[in-house]
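The values are calculated or read from the model by the stated rules, or taken from the named source; none is laboratory data. Keep in mind the model is a prediction, meaning the values are calculated, not measured. Cβ placement follows ideal geometry from the backbone for every residue including glycine, while neighbour counts extend to all protein chains displayed.
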Amino acid sequence: MGRFQAHEPYRRPRVILNAAMTLDGKIATRFGDSRISSRADLKRLHGLRSRADAVMIGVGTQLSDDPLLTVRRVKGRNPIRVVVDSLARTPTNSRILSTKDGCTIIAVSKRAPNRRIQELQQQGAKIIRCGNRRIDLRGLLGTLHTMGIKLVLLEGGAKLNWSMLVNKLVDEIRVNVAPLVVGGEKATTLVEGAGVGKMSDAIKLSFAKIARNGNELVLNYKVRN
């Protein structure tokens, strides 16, 4: 597979940040257990995937969860899978590479070792280079747009969620709130990263919709970019 060179975009795909979290805002326990979604929420998630052109995750989520990122609980096509992985740490035996149903893109920085890139390409991954030390997320989205991708479903993790939000690259947030409380100072929250110092600097949202999904609530907000 060839490489794509990212560039500064003039346009980008629409991005929906989707997640399942507990009532106290956690997306994983302090031990990394992220199995929050009920069957009903998984069906909702797979419905979203079937309508998206691409699904995007960070390398942390890839390493901890080893997800398939395919559509299985509803009828529909699989989206393109995108892993934001500056150092090309995605294992070559990852499930997203072992399944041949759909395309997997690994976005890497210029620091990524050529050997690792070649190993990923041998497993069928397409490589996008964008950024010197870190991934240029705006450039990555611009490149995805030139590939015909119009809708990206962002599935985390928490650090990538923050980076996308703070760079004004998210248009909508959909969160399924599960009736669970897990606590823990080291448990992962929906959004992490550096955060803001003052509430006045917080990322502003506009309420769009609320829906009941069995014993859970699905909250939809538009991001006021």
Under 27 Å from S50 (Cβ atoms), in contact (Cβ under 8 Å) with a residue 12 or more places away in the chain, touching a Leu at 6+ places or on another chain (Cβ under 9 Å) and of a type outside the set (V, I, T): is that true of G157 in this structure? no
Starting from residues that are of a type in the set (A, V, I, L, M) and over 13 Å from the mean Cα position of the chain (by Cα), keep the ones in segment 80-106 and report whichever is surrounded by the fewest Cβ atoms within 10 Å (Cβ to Cβ). L87
Which one of these does N132 not meet: (1) out of contact with any Gly (no Cβ under 8 Å at 6 or more places or on another chain); (2) polar (S, T, N, Q); (3) at pLDDT 95 or above? (3)
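Are any of the residues in segment 17-33 outside any loop (DSSP other than H, G, I, E, B), in contact (Cβ under 8 Å) with a residue 60 or more places away in the chain, touching a strand residue (DSSP E or B) at 6+ places or on another chain (Cβ under 8 Å) and more than 20 Å from E216 (Cβ to Cβ)?
At the first step, the residues of segment 17-33 found to be outside any loop (DSSP other than H, G, I, E, B) are 17-22, 26-28.
So of that shortlist, the ones also in contact (Cβ under 8 Å) with a residue 60 or more places away in the chain come out as 17-22, 26-28.
After this cut, where a residue has to be touching a strand residue (DSSP E or B) at 6+ places or on another chain (Cβ under 8 Å) as well, the list is 17-22, 26-28.
Then drop every residue that is not more than 20 Å from E216 (Cβ to Cβ), which leaves none.
Within segment 17-33, not a single residue is outside any loop (DSSP other than H, G, I, E, B), in contact (Cβ under 8 Å) with a residue 60 or more places away in the chain, touching a strand residue (DSSP E or B) at 6+ places or on another chain (Cβ under 8 Å) and more than 20 Å from E216 (Cβ to Cβ).
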Counting only residues that are modelled with pLDDT under 95 and at positive phi, segment 145-163 contains a total of 1
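What are the residues in segment 114-139 that are in a helix (DSSP H, G or I) and under 25 Å from P13 (Cβ atoms), if any?
We begin by selecting, within segment 114-139, every residue in a helix (DSSP H, G or I); these are 114-122, 137-139.
Listed by number, the residues that qualify are I117, L120, Q121, L137, R138, G139.
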Which residues, taken from segment 190-221, are of a type in the set (S, T, N, Q) and over 19 Å from the mean Cα position of the chain (by Cα)? S200, S206, N213, N215
Hey, which of the strands (runs of 3 or more DSSP E) in segment 152-225, taking only ones fully inside, have at least 1 residues that are surrounded by fewer than 15 Cβ atoms within 10 Å (Cβ to Cβ) and β-branched (V, I, T)? 205-213
When both residues are 6+ apart or on different chains and their Cβ atoms are under 7 Å apart, which pairs have a first residue that lies in segment 66-91 and is in a strand (DSSP E or B), and a second that is hydroxyl-bearing (S, T, Y) and buried (at least 16 other Cβ atoms within 10 Å of the Cβ)? R81/T104; V83/T90
